[in-house]
Amino acid sequence: MCGAVGKMKKGSCASLLCALVVVVVLVNARVTEAVTCNPTELGPCLGPFTSGQAPSANCCNKLKEQKPCLCGYVKNPNFSKYVNNPNAKKVASTCGVPFPKC
């Protein structure tokens, strides 16, 4: 990498690589800490999921927050009837959340 830069000294190259590694680690840590899967967080979406009514902004926000958890909810027999039906898919589409293919 540093050979392409030209006159960069070996110490500067090592510092640059070290900084790059730190940035990658911090970005990855930030992504993995974001969501705690809790199906009760989707409470504002229960009405829209079951009746097809328009989702509220709160429902859409919660759905976006819980997006990484949706496959787990779909696979869970206790929750799948709520999150894996045509109404729920319509709510997800309205909220701009791609429905997962699990």
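The values are calculated or read from the model by the stated rules, or taken from the named source; none is laboratory data. Nothing here was measured: the structure is a model prediction, and the numbers come from that model. Here the Cβ is made from the backbone with ideal geometry for all residues, glycine too, and neighbour counts use every protein chain on show. For accessibility, only protein heavy atoms count, side chains too; no ligands or nucleic acids. Shrake-Rupley method; radii C 1.70, N 1.55, O 1.52, S 1.80 Å.
Yes or no: G47 more than 22 Å from the chain's Cα centre (by Cα), modelled with pLDDT of 55 or more and surrounded by 14 or more Cβ atoms within 10 Å (Cβ to Cβ)? Against the criterion (more than 22 Å from the chain's Cα centre (by Cα), modelled with pLDDT of 55 or more and surrounded by 14 or more Cβ atoms within 10 Å (Cβ to Cβ)), G47 qualifies. Residues that are open to solvent by 50 Å² or more (accessible area, probe 1.4 Å), at pLDDT 60 or above and of a type in the set (K, R) do not occur anywhere in the range 29-42. Across the range 36-74, the number of residues qualifying as free of Cβ contacts under 8 Å to residues at least 40 places away in the same chain and in a helix (DSSP H, G or I) comes to 25. Say whether the condition of being over 19 Å from C102 (Cα atoms), part of a helix (DSSP H, G or I) and within 18 Å of the chain's Cα centre (by Cα) is met by at least one residue in the range 75-91. No, every residue in the range 75-91 fails to be over 19 Å from C102 (Cα atoms), part of a helix (DSSP H, G or I) and within 18 Å of the chain's Cα centre (by Cα).
The residues listed here are K67, K81; of these, the one that is open to solvent by 50 Å² or more (accessible area, probe 1.4 Å), at pLDDT 95 or above and out of contact with any Asp or Glu (no Cβ under 7 Å at 6 or more places or on another chain) is K67.
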